[in-house]
Amino acid sequence: MQPRLLSWLGIALTLLVAPAWAKSSTGDKVLIVTDAKLEMSDYSQFWDGLRSRGYELTFRKTSEDEPATSAFDVPSFSHIILLAPSAKTYPQDLSPQSLVHLLSDRTQPTNILFVLQPSTPSVPLRDLAREFGISFPPPATPLIDYFSAVSPANATSLLLSPPLSQHTAGFESGKILYHGISHLRSSNPLLVNFLNAPPTSYAADPLEPADAVVEAAASGGEGLWAGGRMGLVTGFEVLLGGGRAMWVGSLDLFADAATSIDGEATANNAYALALAAWTFQETSVLRIDAVEHRRISESAPREQYRIKDEIIYRIHVSKFDPTTGEWVPTSEIEDMQLEFTMLDPHIRTALKPASEEGWYEAQFMAPDRHGVFKFIVDWRRKGYTALHSSTTVSVVPFRHNEYPRFLSSAWPYYLGALSTSAAFVLFCALWLLGGDEEAKKKKTQ
Amino acid sequence: MAPPKKVSTTASSSTSAITSALQDLVQSYKENTPKRVKIIDAFLLFIVLSGVAQFVYCALITNYPFNAFLAGFGSSIGQFVLTAAFRAQVNPATRSQFTIISPERAFADFCFGSIVLHFFVYNFLG
(Lines give C-alpha, C1' and ligand atoms only; values in the text may rest on other atoms or scores of the structure.)
Protein backbone atom coordinates (compact mmCIF):
# COMPACT_ATOMS: atom_id res chain seq x y z
CA MET A 1 0.00 0.00 0.00
CA GLN A 2 2.72 2.39 1.03
CA PRO A 3 4.82 2.15 -2.19
CA ARG A 4 1.67 2.41 -4.30
CA LEU A 5 0.63 5.58 -2.54
CA LEU A 6 4.09 6.98 -3.07
CA SER A 7 3.99 6.25 -6.77
CA TRP A 8 0.59 7.95 -7.04
CA LEU A 9 2.03 10.93 -5.23
CA GLY A 10 4.96 10.89 -7.62
CA ILE A 11 2.67 10.92 -10.65
CA ALA A 12 0.58 13.71 -9.16
CA LEU A 13 3.70 15.74 -8.46
CA THR A 14 5.00 15.16 -11.98
CA LEU A 15 1.69 16.32 -13.41
CA LEU A 16 1.78 19.42 -11.24
CA VAL A 17 5.34 20.29 -12.05
CA ALA A 18 5.45 19.27 -15.71
CA PRO A 19 3.78 22.34 -17.24
CA ALA A 20 6.33 24.55 -15.57
CA TRP A 21 9.17 22.65 -17.17
CA ALA A 22 9.53 24.44 -20.40
CA LYS A 23 12.39 23.52 -22.64
CA SER A 24 14.03 25.66 -25.20
CA SER A 25 13.88 24.32 -28.73
CA THR A 26 17.66 24.38 -28.96
CA GLY A 27 19.03 23.36 -25.56
CA ASP A 28 19.05 23.99 -21.84
CA LYS A 29 22.60 25.02 -21.02
CA VAL A 30 22.99 28.70 -20.20
CA LEU A 31 26.28 30.46 -19.55
CA ILE A 32 25.97 33.64 -17.52
CA VAL A 33 28.95 35.94 -17.80
CA THR A 34 29.11 38.68 -15.18
CA ASP A 35 31.25 41.55 -14.08
CA ALA A 36 33.29 41.14 -10.97
CA LYS A 37 31.33 44.00 -9.39
CA LEU A 38 27.89 42.45 -9.77
CA GLU A 39 26.34 40.44 -6.97
CA MET A 40 24.53 37.42 -8.45
CA SER A 41 22.14 37.17 -5.55
CA ASP A 42 20.63 40.52 -6.60
CA TYR A 43 19.07 38.75 -9.58
CA SER A 44 17.97 35.55 -7.86
CA GLN A 45 14.32 35.78 -8.96
CA PHE A 46 15.36 35.84 -12.60
CA TRP A 47 17.69 32.87 -12.10
CA ASP A 48 14.97 30.98 -10.23
CA GLY A 49 12.57 31.68 -13.05
CA LEU A 50 15.02 30.28 -15.58
CA ARG A 51 15.79 27.25 -13.43
CA SER A 52 12.09 26.49 -12.96
CA ARG A 53 11.78 26.34 -16.74
CA GLY A 54 14.46 23.68 -16.90
CA TYR A 55 17.60 25.64 -17.69
CA GLU A 56 20.97 24.67 -16.29
CA LEU A 57 22.78 27.85 -15.30
CA THR A 58 26.56 28.15 -15.27
CA PHE A 59 28.12 31.32 -13.87
CA ARG A 60 31.41 32.78 -14.92
CA LYS A 61 33.20 36.09 -14.33
CA THR A 62 34.73 38.03 -17.21
CA SER A 63 38.10 37.66 -15.51
CA GLU A 64 37.90 33.86 -15.72
CA ASP A 65 38.69 31.72 -18.76
CA GLU A 66 36.68 28.65 -17.84
CA PRO A 67 34.25 27.24 -18.82
CA ALA A 68 34.86 28.17 -22.44
CA THR A 69 31.92 28.97 -24.74
CA SER A 70 33.05 26.37 -27.23
CA ALA A 71 35.37 23.40 -27.30
CA PHE A 72 36.96 22.25 -30.56
CA ASP A 73 34.70 24.66 -32.42
CA VAL A 74 31.58 22.99 -30.99
CA PRO A 75 29.49 25.33 -28.82
CA SER A 76 29.40 24.21 -25.19
CA PHE A 77 26.31 26.23 -24.31
CA SER A 78 23.02 26.85 -26.05
CA HIS A 79 22.57 30.33 -24.62
CA ILE A 80 24.72 33.07 -23.18
CA ILE A 81 23.61 35.92 -20.95
CA LEU A 82 26.18 38.68 -21.07
CA LEU A 83 25.57 40.50 -17.83
CA ALA A 84 28.84 42.36 -17.96
CA PRO A 85 28.03 45.84 -19.15
CA SER A 86 31.02 47.64 -17.79
CA ALA A 87 33.84 45.17 -18.45
CA LYS A 88 36.60 46.90 -20.34
CA THR A 89 38.02 43.73 -21.84
CA TYR A 90 36.60 40.30 -22.52
CA PRO A 91 38.39 36.96 -22.66
CA GLN A 92 39.25 35.58 -26.07
CA ASP A 93 36.21 33.31 -26.32
CA LEU A 94 33.87 36.23 -25.48
CA SER A 95 35.36 38.77 -27.86
CA PRO A 96 32.88 40.41 -30.27
CA GLN A 97 34.21 38.24 -33.11
CA SER A 98 33.73 35.04 -31.11
CA LEU A 99 30.23 36.05 -30.06
CA VAL A 100 29.21 36.83 -33.63
CA HIS A 101 30.72 33.54 -34.72
CA LEU A 102 28.74 31.65 -32.07
CA LEU A 103 25.51 33.48 -32.91
CA SER A 104 25.74 33.01 -36.65
CA ASP A 105 26.54 29.29 -36.59
CA ARG A 106 24.23 27.66 -39.14
CA THR A 107 23.69 24.34 -37.45
CA GLN A 108 24.04 25.06 -33.73
CA PRO A 109 23.71 28.76 -33.06
CA THR A 110 24.23 30.13 -29.57
CA ASN A 111 21.59 32.64 -28.50
CA ILE A 112 22.89 35.68 -26.67
CA LEU A 113 21.18 38.08 -24.29
CA PHE A 114 23.11 41.34 -23.98
CA VAL A 115 22.31 43.40 -20.92
CA LEU A 116 23.51 46.98 -20.70
CA GLN A 117 23.86 49.40 -17.85
CA PRO A 118 22.73 52.99 -17.57
CA SER A 119 26.21 54.30 -17.04
CA THR A 120 28.52 53.24 -19.79
CA PRO A 121 28.38 50.53 -22.38
CA SER A 122 31.98 49.47 -22.71
CA VAL A 123 33.86 50.00 -25.95
CA PRO A 124 33.76 46.33 -27.06
CA LEU A 125 30.00 46.24 -26.50
CA ARG A 126 29.47 49.50 -28.41
CA ASP A 127 31.45 48.12 -31.31
CA LEU A 128 29.58 44.86 -31.20
CA ALA A 129 26.20 46.63 -31.09
CA ARG A 130 27.11 48.56 -34.21
CA GLU A 131 27.48 45.22 -36.00
CA PHE A 132 23.81 44.61 -35.24
CA GLY A 133 22.76 48.08 -36.37
CA ILE A 134 22.32 49.45 -32.87
CA SER A 135 24.07 52.60 -31.65
CA PHE A 136 24.10 54.18 -28.22
CA PRO A 137 24.01 57.76 -27.04
CA PRO A 138 27.16 59.26 -25.50
CA PRO A 139 28.43 57.67 -22.26
CA ALA A 140 26.68 58.32 -18.96
CA THR A 141 23.44 59.58 -20.50
CA PRO A 142 20.59 57.39 -19.22
CA LEU A 143 17.04 57.69 -20.43
CA ILE A 144 15.07 60.51 -18.76
CA ASP A 145 11.33 60.99 -18.92
CA TYR A 146 9.39 63.19 -16.52
CA PHE A 147 6.02 61.90 -17.71
CA SER A 148 6.50 58.23 -16.88
CA ALA A 149 8.99 58.65 -14.05
CA VAL A 150 8.36 56.95 -10.74
CA SER A 151 8.93 60.26 -9.00
CA PRO A 152 9.95 63.70 -10.34
CA ALA A 153 13.07 63.57 -8.23
CA ASN A 154 14.16 60.33 -9.93
CA ALA A 155 13.41 60.86 -13.58
CA THR A 156 15.68 58.00 -14.75
CA SER A 157 13.48 55.31 -13.16
CA LEU A 158 10.55 54.92 -15.49
CA LEU A 159 7.37 52.89 -15.28
CA LEU A 160 6.58 51.58 -18.75
CA SER A 161 3.89 49.34 -20.21
CA PRO A 162 5.46 47.05 -22.78
CA PRO A 163 3.19 46.23 -25.73
CA LEU A 164 1.69 42.76 -25.78
CA SER A 165 3.14 40.56 -28.48
CA GLN A 166 3.12 36.97 -29.69
CA HIS A 167 6.83 36.84 -29.14
CA THR A 168 6.63 37.62 -25.42
CA ALA A 169 3.68 35.35 -24.74
CA GLY A 170 4.62 34.74 -21.09
CA PHE A 171 4.15 38.42 -20.30
CA GLU A 172 0.47 39.24 -20.10
CA SER A 173 0.15 42.75 -18.79
CA GLY A 174 1.57 45.16 -16.26
CA LYS A 175 4.10 47.89 -15.82
CA ILE A 176 7.81 47.39 -15.67
CA LEU A 177 10.41 49.47 -13.93
CA TYR A 178 13.04 50.60 -16.41
CA HIS A 179 16.25 52.27 -15.44
CA GLY A 180 18.75 52.29 -18.24
CA ILE A 181 19.77 53.59 -21.63
CA SER A 182 18.09 53.88 -24.95
CA HIS A 183 19.54 53.04 -28.36
CA LEU A 184 19.02 53.93 -31.96
CA ARG A 185 18.10 51.16 -34.37
CA SER A 186 19.23 51.14 -37.97
CA SER A 187 16.91 49.99 -40.72
CA ASN A 188 18.37 46.47 -40.52
CA PRO A 189 15.40 44.21 -41.33
CA LEU A 190 16.65 41.51 -38.96
CA LEU A 191 16.02 43.74 -35.93
CA VAL A 192 12.83 43.14 -33.96
CA ASN A 193 11.35 45.95 -31.88
CA PHE A 194 10.30 44.77 -28.45
CA LEU A 195 10.09 47.98 -26.47
CA ASN A 196 10.35 51.58 -27.57
CA ALA A 197 11.18 54.60 -25.45
CA PRO A 198 8.26 56.86 -24.43
CA PRO A 199 7.75 59.74 -26.91
CA THR A 200 8.56 62.31 -24.23
CA SER A 201 11.84 60.72 -23.17
CA TYR A 202 15.38 61.73 -23.99
CA ALA A 203 18.91 60.74 -23.11
CA ALA A 204 20.88 63.16 -20.95
CA ASP A 205 23.23 63.45 -18.05
CA PRO A 206 20.94 63.04 -15.00
CA LEU A 207 22.94 65.60 -13.01
CA GLU A 208 22.33 68.27 -15.68
CA PRO A 209 19.16 67.01 -17.35
CA ALA A 210 18.23 70.34 -18.90
CA ASP A 211 21.57 71.01 -20.58
CA ALA A 212 21.06 68.51 -23.37
CA VAL A 213 17.65 69.99 -24.18
CA VAL A 214 18.94 73.55 -24.16
CA GLU A 215 21.90 72.65 -26.39
CA ALA A 216 19.67 70.77 -28.79
CA ALA A 217 17.17 73.62 -28.88
CA ALA A 218 19.98 75.99 -29.85
CA SER A 219 20.89 73.77 -32.79
CA GLY A 220 17.32 73.15 -33.93
CA GLY A 221 16.80 69.86 -32.13
CA GLU A 222 19.88 68.27 -33.59
CA GLY A 223 21.91 65.90 -31.45
CA LEU A 224 19.17 65.09 -28.95
CA TRP A 225 18.62 61.36 -28.49
CA ALA A 226 14.92 61.65 -27.91
CA GLY A 227 11.51 60.43 -28.93
CA GLY A 228 9.49 57.30 -29.39
CA ARG A 229 11.64 55.85 -32.14
CA MET A 230 14.49 55.15 -29.74
CA GLY A 231 14.68 51.51 -28.69
CA LEU A 232 14.95 50.09 -25.22
CA VAL A 233 14.70 46.38 -25.94
CA THR A 234 15.60 45.08 -29.39
CA GLY A 235 15.88 41.57 -30.69
CA PHE A 236 17.93 40.32 -33.60
CA GLU A 237 17.50 37.11 -35.53
CA VAL A 238 20.08 35.54 -37.81
CA LEU A 239 18.52 34.55 -41.12
CA LEU A 240 20.46 31.33 -41.62
CA GLY A 241 20.55 29.13 -38.55
CA GLY A 242 18.01 31.16 -36.62
CA GLY A 243 20.30 32.27 -33.80
CA ARG A 244 18.75 35.03 -31.69
CA ALA A 245 20.26 37.96 -29.84
CA MET A 246 18.58 40.44 -27.56
CA TRP A 247 19.78 43.86 -26.50
CA VAL A 248 18.27 45.10 -23.25
CA GLY A 249 19.21 48.59 -22.14
CA SER A 250 18.59 48.09 -18.46
CA LEU A 251 20.43 45.85 -16.06
CA ASP A 252 17.93 46.69 -13.34
CA LEU A 253 15.11 45.17 -15.38
CA PHE A 254 16.36 41.79 -14.12
CA ALA A 255 17.08 42.83 -10.53
CA ASP A 256 15.11 41.56 -7.56
CA ALA A 257 14.89 45.13 -6.30
CA ALA A 258 12.80 46.09 -9.32
CA THR A 259 10.14 43.41 -8.81
CA SER A 260 8.29 45.72 -6.46
CA ILE A 261 8.16 49.43 -6.04
CA ASP A 262 6.91 50.93 -2.79
CA GLY A 263 5.43 47.55 -1.94
CA GLU A 264 3.53 47.34 -5.23
CA ALA A 265 4.52 44.45 -7.51
CA THR A 266 5.83 45.20 -10.99
CA ALA A 267 5.85 42.88 -13.98
CA ASN A 268 9.62 42.99 -14.31
CA ASN A 269 10.27 39.34 -13.61
CA ALA A 270 7.57 38.13 -16.01
CA TYR A 271 8.80 40.49 -18.71
CA ALA A 272 12.44 39.54 -18.23
CA LEU A 273 11.55 35.86 -18.45
CA ALA A 274 9.42 36.51 -21.54
CA LEU A 275 12.34 38.28 -23.20
CA ALA A 276 14.60 35.36 -22.27
CA ALA A 277 11.99 32.95 -23.68
CA TRP A 278 12.12 34.63 -27.08
CA THR A 279 15.90 34.91 -27.01
CA PHE A 280 16.36 31.27 -26.01
CA GLN A 281 14.12 30.14 -28.89
CA GLU A 282 11.11 29.09 -26.87
CA THR A 283 8.49 31.33 -28.45
CA SER A 284 7.84 32.10 -32.12
CA VAL A 285 10.03 29.23 -33.24
CA LEU A 286 8.87 27.58 -36.45
CA ARG A 287 10.28 24.87 -38.62
CA ILE A 288 9.50 23.15 -41.90
CA ASP A 289 8.94 19.43 -41.35
CA ALA A 290 8.08 18.20 -44.80
CA VAL A 291 7.67 19.37 -48.35
CA GLU A 292 5.64 17.52 -50.96
CA HIS A 293 4.92 18.13 -54.59
CA ARG A 294 3.06 16.06 -57.12
CA ARG A 295 0.83 16.13 -60.14
CA ILE A 296 -2.79 16.65 -59.27
CA SER A 297 -3.70 13.30 -60.81
CA GLU A 298 -0.95 11.31 -59.10
CA SER A 299 0.10 10.54 -55.56
CA ALA A 300 3.87 10.17 -55.89
CA PRO A 301 6.23 13.10 -56.33
CA ARG A 302 8.07 13.55 -59.62
CA GLU A 303 11.53 14.77 -60.38
CA GLN A 304 10.30 16.34 -63.56
CA TYR A 305 7.05 17.83 -64.66
CA ARG A 306 5.71 18.65 -68.08
CA ILE A 307 4.79 22.15 -69.17
CA LYS A 308 1.22 23.05 -68.25
CA ASP A 309 0.95 20.23 -65.67
CA GLU A 310 -1.36 20.90 -62.77
CA ILE A 311 0.94 20.69 -59.74
CA ILE A 312 0.10 20.55 -56.05
CA TYR A 313 2.74 21.76 -53.60
CA ARG A 314 2.35 21.09 -49.89
CA ILE A 315 4.50 22.15 -46.97
CA HIS A 316 4.20 21.18 -43.32
CA VAL A 317 5.12 23.71 -40.65
CA SER A 318 5.42 23.10 -36.92
CA LYS A 319 5.69 25.54 -34.09
CA PHE A 320 7.56 24.88 -30.88
CA ASP A 321 5.27 24.79 -27.88
CA PRO A 322 7.31 25.89 -24.85
CA THR A 323 4.72 24.67 -22.33
CA THR A 324 5.08 21.04 -23.43
CA GLY A 325 8.45 21.22 -25.12
CA GLU A 326 7.02 19.65 -28.26
CA TRP A 327 6.68 20.65 -31.88
CA VAL A 328 3.02 21.17 -32.72
CA PRO A 329 1.66 21.49 -36.27
CA THR A 330 0.48 25.04 -36.82
CA SER A 331 -1.87 26.52 -39.40
CA GLU A 332 -1.67 30.07 -38.10
CA ILE A 333 0.52 31.47 -40.89
CA GLU A 334 -1.76 33.30 -43.28
CA ASP A 335 0.66 35.03 -45.61
CA MET A 336 3.02 32.34 -46.83
CA GLN A 337 3.81 32.34 -50.53
CA LEU A 338 5.21 29.82 -52.96
CA GLU A 339 7.39 30.84 -55.85
CA PHE A 340 8.06 28.65 -58.87
CA THR A 341 11.31 30.10 -60.05
CA MET A 342 13.70 29.83 -62.95
CA LEU A 343 15.94 32.87 -62.36
CA ASP A 344 12.74 34.91 -61.94
CA PRO A 345 9.61 33.69 -60.23
CA HIS A 346 7.37 32.52 -63.08
CA ILE A 347 4.58 31.85 -60.62
CA ARG A 348 4.03 33.37 -57.19
CA THR A 349 0.99 32.09 -55.38
CA ALA A 350 -0.46 31.96 -51.87
CA LEU A 351 0.14 28.90 -49.72
CA LYS A 352 -3.19 28.51 -47.96
CA PRO A 353 -3.65 26.40 -44.83
CA ALA A 354 -5.03 23.01 -45.86
CA SER A 355 -7.67 21.06 -43.98
CA GLU A 356 -5.06 19.05 -42.10
CA GLU A 357 -3.37 20.95 -39.30
CA GLY A 358 0.11 22.16 -40.19
CA TRP A 359 -0.19 21.65 -43.94
CA TYR A 360 -0.17 24.52 -46.39
CA GLU A 361 -1.14 23.92 -49.97
CA ALA A 362 -0.92 25.61 -53.34
CA GLN A 363 -2.16 24.33 -56.67
CA PHE A 364 -1.01 25.85 -59.91
CA MET A 365 -0.33 25.12 -63.56
CA ALA A 366 3.31 24.80 -64.55
CA PRO A 367 4.32 27.60 -66.92
CA ASP A 368 4.58 27.03 -70.65
CA ARG A 369 8.34 27.16 -70.37
CA HIS A 370 10.76 24.30 -69.94
CA GLY A 371 13.89 24.38 -67.82
CA VAL A 372 15.13 23.78 -64.29
CA PHE A 373 12.73 25.32 -61.79
CA LYS A 374 12.69 25.63 -58.01
CA PHE A 375 9.81 25.56 -55.58
CA ILE A 376 10.83 28.32 -53.16
CA VAL A 377 9.19 29.19 -49.88
CA ASP A 378 10.90 32.11 -48.21
CA TRP A 379 8.89 33.41 -45.30
CA ARG A 380 10.47 36.09 -43.13
CA ARG A 381 8.50 37.86 -40.46
CA LYS A 382 9.88 39.91 -37.62
CA GLY A 383 10.41 37.86 -34.50
CA TYR A 384 9.57 34.52 -36.11
CA THR A 385 12.07 31.98 -37.31
CA ALA A 386 12.69 32.56 -41.00
CA LEU A 387 11.33 29.67 -43.05
CA HIS A 388 13.20 28.80 -46.20
CA SER A 389 12.77 25.82 -48.45
CA SER A 390 14.00 25.24 -51.96
CA THR A 391 13.25 22.16 -54.07
CA THR A 392 14.61 21.76 -57.58
CA VAL A 393 12.61 20.07 -60.33
CA SER A 394 12.79 20.08 -64.11
CA VAL A 395 9.96 21.10 -66.36
CA VAL A 396 10.15 19.37 -69.74
CA PRO A 397 8.21 19.97 -72.95
CA PHE A 398 5.76 17.48 -74.45
CA ARG A 399 7.34 14.39 -75.97
CA HIS A 400 6.51 13.71 -79.59
CA ASN A 401 3.93 11.10 -78.63
CA GLU A 402 2.45 13.07 -75.74
CA TYR A 403 0.54 15.68 -77.68
CA PRO A 404 -3.24 15.40 -77.62
CA ARG A 405 -4.69 13.58 -80.62
CA PHE A 406 -7.94 13.45 -82.56
CA LEU A 407 -9.09 16.85 -81.44
CA SER A 408 -12.61 17.64 -82.57
CA SER A 409 -11.56 21.08 -83.80
CA ALA A 410 -8.99 19.51 -86.12
CA TRP A 411 -11.41 17.23 -88.01
CA PRO A 412 -11.61 19.53 -91.08
CA TYR A 413 -7.85 19.24 -91.42
CA TYR A 414 -7.89 15.48 -90.96
CA LEU A 415 -10.68 15.25 -93.54
CA GLY A 416 -8.75 17.51 -95.90
CA ALA A 417 -5.64 15.32 -95.74
CA LEU A 418 -7.62 12.07 -95.94
CA SER A 419 -9.76 13.27 -98.86
CA THR A 420 -6.69 14.43 -100.75
CA SER A 421 -5.17 10.97 -100.33
CA ALA A 422 -8.41 9.25 -101.33
CA ALA A 423 -8.76 11.57 -104.32
CA PHE A 424 -5.18 10.79 -105.28
CA VAL A 425 -5.88 7.04 -105.23
CA LEU A 426 -9.11 7.55 -107.20
CA PHE A 427 -7.29 9.74 -109.69
CA CYS A 428 -4.57 7.14 -110.22
CA ALA A 429 -7.21 4.46 -110.83
CA LEU A 430 -9.11 6.66 -113.31
CA TRP A 431 -5.88 7.61 -115.03
CA LEU A 432 -4.85 4.03 -115.49
CA LEU A 433 -8.32 3.02 -116.66
CA GLY A 434 -8.52 6.02 -118.98
CA GLY A 435 -5.17 4.98 -120.42
CA ASP A 436 -6.63 1.58 -121.21
CA GLU A 437 -9.56 3.18 -122.97
CA GLU A 438 -7.29 5.30 -125.13
CA ALA A 439 -5.13 2.32 -125.92
CA LYS A 440 -8.28 0.42 -126.92
CA LYS A 441 -9.36 3.37 -129.08
CA LYS A 442 -5.96 3.40 -130.75
CA LYS A 443 -6.18 -0.36 -131.32
CA THR A 444 -9.69 -0.12 -132.78
CA GLN A 445 -8.59 2.73 -135.01
CA MET B 1 -5.21 25.17 -122.58
CA ALA B 2 -6.07 25.37 -126.25
CA PRO B 3 -7.04 28.79 -127.59
CA PRO B 4 -10.71 29.35 -128.46
CA LYS B 5 -11.65 28.58 -132.04
CA LYS B 6 -13.49 31.78 -132.87
CA VAL B 7 -13.64 35.21 -131.29
CA SER B 8 -16.96 37.03 -131.11
CA THR B 9 -16.65 40.54 -132.62
CA THR B 10 -20.31 41.37 -133.00
CA ALA B 11 -21.15 41.84 -129.32
CA SER B 12 -22.90 45.12 -128.62
CA SER B 13 -22.04 45.42 -124.93
CA SER B 14 -19.03 44.36 -122.88
CA THR B 15 -21.09 42.02 -120.64
CA SER B 16 -22.44 40.10 -123.56
CA ALA B 17 -18.91 40.00 -124.97
CA ILE B 18 -17.60 38.47 -121.71
CA THR B 19 -20.50 36.00 -121.57
CA SER B 20 -19.95 34.88 -125.10
CA ALA B 21 -16.20 34.69 -124.53
CA LEU B 22 -16.78 32.46 -121.50
CA GLN B 23 -19.17 30.35 -123.47
CA ASP B 24 -16.55 30.03 -126.18
CA LEU B 25 -13.97 29.14 -123.60
CA VAL B 26 -16.12 26.38 -122.09
CA GLN B 27 -17.12 25.13 -125.52
CA SER B 28 -13.56 25.09 -126.71
CA TYR B 29 -12.41 23.35 -123.48
CA LYS B 30 -15.09 20.67 -123.86
CA GLU B 31 -14.21 20.02 -127.47
CA ASN B 32 -10.43 20.33 -127.56
CA THR B 33 -9.28 18.95 -124.21
CA PRO B 34 -8.42 15.26 -124.04
CA LYS B 35 -10.39 13.20 -121.52
CA ARG B 36 -7.33 12.38 -119.39
CA VAL B 37 -6.47 16.06 -119.00
CA LYS B 38 -10.07 16.66 -117.94
CA ILE B 39 -9.61 14.08 -115.20
CA ILE B 40 -6.50 15.96 -114.06
CA ASP B 41 -8.41 19.25 -114.08
CA ALA B 42 -11.24 17.75 -112.02
CA PHE B 43 -8.68 16.53 -109.50
CA LEU B 44 -7.06 20.00 -109.40
CA LEU B 45 -10.42 21.65 -108.86
CA PHE B 46 -11.18 19.31 -105.96
CA ILE B 47 -7.80 20.10 -104.39
CA VAL B 48 -8.35 23.85 -104.72
CA LEU B 49 -11.78 23.64 -103.11
CA SER B 50 -10.45 21.48 -100.27
CA GLY B 51 -7.55 23.88 -99.67
CA VAL B 52 -9.81 26.95 -99.71
CA ALA B 53 -12.24 25.27 -97.31
CA GLN B 54 -9.42 24.50 -94.86
CA PHE B 55 -8.02 27.99 -95.11
CA VAL B 56 -11.41 29.56 -94.46
CA TYR B 57 -11.97 27.24 -91.48
CA CYS B 58 -8.56 28.19 -90.09
CA ALA B 59 -9.08 31.91 -90.60
CA LEU B 60 -12.66 32.07 -89.35
CA ILE B 61 -13.00 29.35 -86.71
CA THR B 62 -9.76 28.05 -85.22
CA ASN B 63 -6.16 27.45 -86.11
CA TYR B 64 -5.73 25.02 -83.22
CA PRO B 65 -4.06 22.59 -83.65
CA PHE B 66 -1.89 24.55 -86.00
CA ASN B 67 0.23 21.57 -87.04
CA ALA B 68 -2.93 19.83 -88.29
CA PHE B 69 -3.83 22.91 -90.34
CA LEU B 70 -0.33 23.06 -91.79
CA ALA B 71 -0.47 19.37 -92.66
CA GLY B 72 -3.93 19.54 -94.24
CA PHE B 73 -3.33 22.77 -96.12
CA GLY B 74 0.19 21.69 -97.10
CA SER B 75 -1.19 18.44 -98.47
CA SER B 76 -3.54 20.43 -100.72
CA ILE B 77 -0.80 22.74 -101.94
CA GLY B 78 1.75 19.97 -102.43
CA GLN B 79 -0.71 17.77 -104.28
CA PHE B 80 -1.75 20.70 -106.46
CA VAL B 81 1.85 21.50 -107.41
CA LEU B 82 2.66 17.87 -108.20
CA THR B 83 -0.53 17.43 -110.21
CA ALA B 84 -0.02 20.67 -112.13
CA ALA B 85 3.52 19.56 -113.02
CA PHE B 86 2.18 16.20 -114.09
CA ARG B 87 -0.48 17.91 -116.21
CA ALA B 88 2.16 19.97 -118.02
CA GLN B 89 4.13 16.82 -118.78
CA VAL B 90 1.22 14.82 -120.21
CA ASN B 91 -0.88 17.53 -121.88
CA PRO B 92 -0.52 17.12 -125.69
CA ALA B 93 -0.44 20.93 -126.04
CA THR B 94 2.71 21.28 -123.93
CA ARG B 95 4.07 17.80 -124.48
CA SER B 96 6.65 19.08 -126.94
CA GLN B 97 8.64 20.70 -124.10
CA PHE B 98 9.11 17.39 -122.25
CA THR B 99 10.39 15.13 -124.97
CA ILE B 100 12.99 13.46 -122.72
CA ILE B 101 10.36 12.20 -120.26
CA SER B 102 7.85 9.65 -121.40
CA PRO B 103 4.22 9.97 -120.07
CA GLU B 104 4.65 6.68 -118.16
CA ARG B 105 7.79 8.00 -116.51
CA ALA B 106 5.94 11.26 -115.67
CA PHE B 107 3.10 9.27 -114.03
CA ALA B 108 5.58 7.22 -112.01
CA ASP B 109 7.32 10.41 -110.83
CA PHE B 110 3.96 11.92 -109.91
CA CYS B 111 2.94 8.84 -107.91
CA PHE B 112 6.28 8.66 -106.07
CA GLY B 113 6.20 12.39 -105.22
CA SER B 114 2.61 12.15 -104.00
CA ILE B 115 3.26 9.14 -101.80
CA VAL B 116 6.25 10.84 -100.18
CA LEU B 117 4.12 13.98 -99.69
CA HIS B 118 1.31 12.02 -98.02
CA PHE B 119 3.83 10.28 -95.77
CA PHE B 120 5.01 13.66 -94.49
CA VAL B 121 1.46 14.98 -94.21
CA TYR B 122 0.29 12.11 -91.97
CA ASN B 123 3.44 12.37 -89.86
CA PHE B 124 2.76 16.03 -89.28
CA LEU B 125 -1.01 15.79 -88.90
CA GLY B 126 -0.65 14.77 -85.19
Given the conditions (1) assigned to a helix (DSSP H, G or I); (2) open to solvent by 10 Å² or more (accessible area, probe 1.4 Å); (3) farther than 25 Å from A:Glu39 by Cα, which single one is not true for A:Trp278? (2)
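Are there strands (runs of 3 or more DSSP E) fully within segment A:316-435 with at least 1 residues that are touching a residue at least 40 places away in the same chain (Cβ under 8 Å) and among the small types (Gly, Ala, Ser)? List them.
By residue number, A:359-365, A:387-396.
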Which of the residues belonging to segment A:205-236 are part of a loop (DSSP other than H, G, I, E, B), in contact (Cβ under 8 Å) with a residue 24 or more places away in the chain and on the phi < 0 side of the Ramachandran plot? A:Asp205, A:Pro206, A:Trp225, A:Gly228, A:Arg229, A:Met230
Could you check B:Val90 against (1) under 22 Å from B:Tyr122 (Cβ atoms); (2) surrounded by 19 or more Cβ atoms within 10 Å (Cβ to Cβ) and say which number it fails? (1)
Only one of A:Glu334, A:Glu282 is modelled with pLDDT under 95 and touching a Ser or Thr at 6+ places or on another chain (Cβ under 6 Å); which? A:Glu282
Can you spot a residue in segment B:67-84 that is open to solvent by 70 Å² or more (accessible area, probe 1.4 Å), of a type outside the set (Phe, Trp, Tyr), in contact with a helix residue (DSSP H, G or I) (Cβ under 8 Å, 6 or more places away or on another chain) and at pLDDT 90 or above? yes
For segment B:27-40, enumerate the residues that are more than 10 Å from every other protein chain (Cβ to nearest Cβ), surrounded by fewer than 16 Cβ atoms within 10 Å (Cβ to Cβ) and either out of contact with any Asp or Glu (no Cβ under 9 Å at 6 or more places or on another chain) or not in a helix (DSSP H, G or I) (or both). B:Gln27, B:Lys30, B:Glu31, B:Asn32
Only one of A:Ala290, A:Ala300 is part of a loop (DSSP other than H, G, I, E, B), among the aliphatic types (A, V, I, L, M) and surrounded by fewer than 16 Cβ atoms within 10 Å (Cβ to Cβ), namely A:Ala300
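What residue, of A:Leu159, A:Leu164, is open to solvent by 20 Å² or more (accessible area, probe 1.4 Å), closer than 17 Å to A:Gly249 by Cβ, assigned by TED's automatic domain parsing to the domain that holds A:Val238 and not charged (D, E, K, R)?
A:Leu159 is the lone residue from the list that is open to solvent by 20 Å² or more (accessible area, probe 1.4 Å), closer than 17 Å to A:Gly249 by Cβ, assigned by TED's automatic domain parsing to the domain that holds A:Val238 and not charged (D, E, K, R).
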Going residue by residue through segment A:365-387, is there one that turns out to be among the hydroxyl-bearing types (Ser, Thr, Tyr), away from chain B (no Cβ under 14 Å) and surrounded by 19 or more Cβ atoms within 10 Å (Cβ to Cβ)? yes
Would you check if B:Lys5 is modelled with pLDDT of 90 or more and among the charged types (D, E, K, R)? no
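The values are calculated or read from the model by the stated rules, or taken from the named source; none is laboratory data. Quick caveat: nothing in here was measured; it's all calculated off a predicted structure. Methodologically, a virtual Cβ is constructed for each residue, glycine included, from the backbone with ideal geometry; neighbour enumeration extends over all protein chains shown. We work out accessible area using only protein heavy atoms, side chains counted, and drop any ligands, DNA or RNA first. Shrake-Rupley method; radii C 1.70, N 1.55, O 1.52, S 1.80 Å.
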